[in-house]
Structures are given as structure tokens and as C-alpha cells.
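Each remark here refers to the structure printed beneath this line.
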Amino acid sequence: MINLIKNENMKIFKRKRTWIMVGVMVVFIFIQFLNVKLSSQVNYGDDWKTSLIEENALLQVEKESLKLPIEKMENEKKLLLNNYYIDSNIKPTNNAWFFTIGQSTNFLIAISILTLIIAGEIVASEFQSGTIKFLLTRTATRTQIYFSKYISTLLFGFFLIMITFLLSILFSGILLGFDGINGEYLFVKDHVVQKTSILQALIGSLLFKIPYLIIVATLAFMISAAFKSSTFSIVFSLLVAISGFVMSISLKGFSWTKYFIFSHTDLSSFVYDNPPVEGMTFVFSILFILIHIFIMHGIAYPIFVKKDVA
């Protein structure tokens, strides 16, 4: 099994398009930080308390007209943070590392899309090219082949996460400065302003979003294993991944989304925010994710082991 995984990893990283995708990811990360470097940032002056009080007054007025739960949540968070700054006599600053943490979602989406592409072709392309016959003539079973390909797909995604984490620190430090990396990250949880270290928040912001990558990669892998079209697998999975993410953000707070898988794929809300739906727990989300993974494999695996290779 280990040798099969090594072989699959070699095939993934041997392809030129794999390194092209990695290069695109590197450029994407660099552009995000370069854009912040070149953009004008709003800084509070000496009368920052007055500015925050005026901002709070506008937020209170705006609060009355808000309809969506996500809008109300963001409004409350901004009010609580502003009041914290005022009460603690702390002037708000533009810490570049706050931006780095905030960009973790965009980075994970990009990583997931690239992993999805690998997952969408890793099985289907073998059937299209006929190379699956060579794999099956070896001593490895179809079960071993199936799971070695799935594990290799996830390892590729984890590789991209590691690269993204290191490049985020490097580019943020070079372009925006390393000042503030030892500072505190403020967030609102349970209607109270709390804080943690910048580095811990940065690591957590990436790791707690890994379930999104696993779900979309598993979906693409399921379709790739069940059908012989890598194009269909990639396009369909991409549409589901993007629409699912958008819906999870825009519909956050509605009770029925408790049973929507993409509402569970960002576990950072249990640590640095409030759950997407009141009453939702970390354990429930983990179980919900695992159930979906088992269901997808329950569909793909039987089809793969019985599929005709002629």
C-alpha cells in the first residue's frame, strides 16, 4: 500500500501541469499581499475614539434595517470590537497579519480547487488512457489502488496547505513587514471579545478549514472513480464546491443550514467565531462530515471495484 501511494505521488508530481498549478498558487498568494502593499490603508488619527463612537452610531442605525443573519452577526462583531478598543483605550492598528489570517479562506478555496482537479482525473484518466490495465495486472488489489489514489490526492492538498502557510509568512513579512507577528489577534465569540496569538490564529485559520478541501476532493474523486470522464468530474465538482461555499456564507445563520454540508466545512467558527447555526456543536459537525465522506466512498468504491476495464 505504501509503495502504491509513493507511486501515485510520483505520477502526480511528475506531470508538468502539477507544477504549473503550484506556480499559479504561488503567484496568487504573492498578488494578494502585493495588492495590500500597493493599496492605501485607512489609519485612525489622534481622535480615533471619536471616529469609533461615530462609527458605532452608524452601525446602530444600520442594525435596524438588517435582514440576513450574517449581516446582523457582522454588525454585532464590529460594534463589540469598537467598544473593546474604546473601553481598553487601545488604538486600532492595521496589522498586516490580520489580513494574512483573513485571506486563509481564499487560499483554502484555491488549494481545494487545485486538489479537486487532481482528484477529478486521478482515476478517470487511468480508464481513459487504458493504463488502469497495467495497474490491475500487478499484485495490488482494486481496493488498494482505490485508496492509494485517494490518499495521494489528499496528500497533495496537504502539501499545498504547507506551501501556502510558509509563503504567507514569507510574503507578508517581506512586503508588509514582520512587525506584529508576535501580537494578539482579536475575535468575537459568544458575544465577547477574546484574543489569541497571531501565529496560533494563522495556523488555526488554515487547519480548521481543511474539511472543505476533503469534502470537495472526495466529491471529485467519487465522480472520477464512478465515471470515465475526468472533465465531467472536475467541472461538476467545481460548480458544487463554489456554489456550496457561496451558499454557506450568504445563508449563515438560517436554522435549516445545519443540515447543509458546506455549513460544517469551516471548523474555525467553533474557535474564533460563533457556530453558523445556534446550537451547532463541533462534534456534530465532525460526525456530519464523516457521514458524507463515508456515503461518497460507499457510492464510488463498489462501482470502481466492479468496473469493466475492457
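The values are calculated or read from the model by the stated rules, or taken from the named source; none is laboratory data. Here the structure is a predicted model, which means the values were calculated and not measured. Glycine gets a Cβ as well: all are built from the backbone with ideal geometry, and neighbour counts include every protein chain shown.
Of note:
- Matching helices (runs of 4 or more DSSP H) fully within segment 27-119 where at least 1 residues are farther than 19 Å from Y185 by Cβ and among the aromatic types (F, W, Y): 48-63
- Extreme residue, farthest from the chain's Cα centre (by Cα), among residues of segment 10-21 that are buried (at least 16 other Cβ atoms within 10 Å of the Cβ) and aliphatic (A, V, I, L, M): I12
- For segment 269-299, filtering for residues that are among the polar types (S, T, N, Q) and either surrounded by fewer than 18 Cβ atoms within 10 Å (Cβ to Cβ) or more than 18 Å from I210 (Cβ to Cβ) (or both) leaves 2.
- Only one of the listed residues (F282, F262) is more than 16 Å from Y146 (Cα to Cα), among the aromatic types (F, W, Y) and under 16 Å from the mean Cα position of the chain (by Cα). That residue is F262.
- Some residue of segment 167-180 being in contact (Cβ under 8 Å) with a residue 24 or more places away in the chain and either basic (K, R) or part of a strand (DSSP E or B) (or both): no
- Answer residue from segment 80-126, given it is among the charged types (D, E, K, R) and crowded, with 17+ Cβ neighbours inside 10 Å and is nearest to S224 (Cα to Cα) among those: E121
- Taking first residues from segment 216-230 that are farther than 8 Å from A119 by Cα and partners that are among the aliphatic types (A, V, I, L, M) and part of a loop (DSSP other than H, G, I, E, B), the Cβ contacts under 8 Å between residues at least 6 apart in sequence or on separate chains come to A225/V123.
- Whichever residue in segment 32-57 is exposed (fewer than 11 other Cβ atoms within 10 Å of the Cβ) and either modelled with pLDDT of 90 or more or of a type in the set (A, V, I, L, M) (or both) and, among such residues, is farthest from K78 (Cα to Cα): L38
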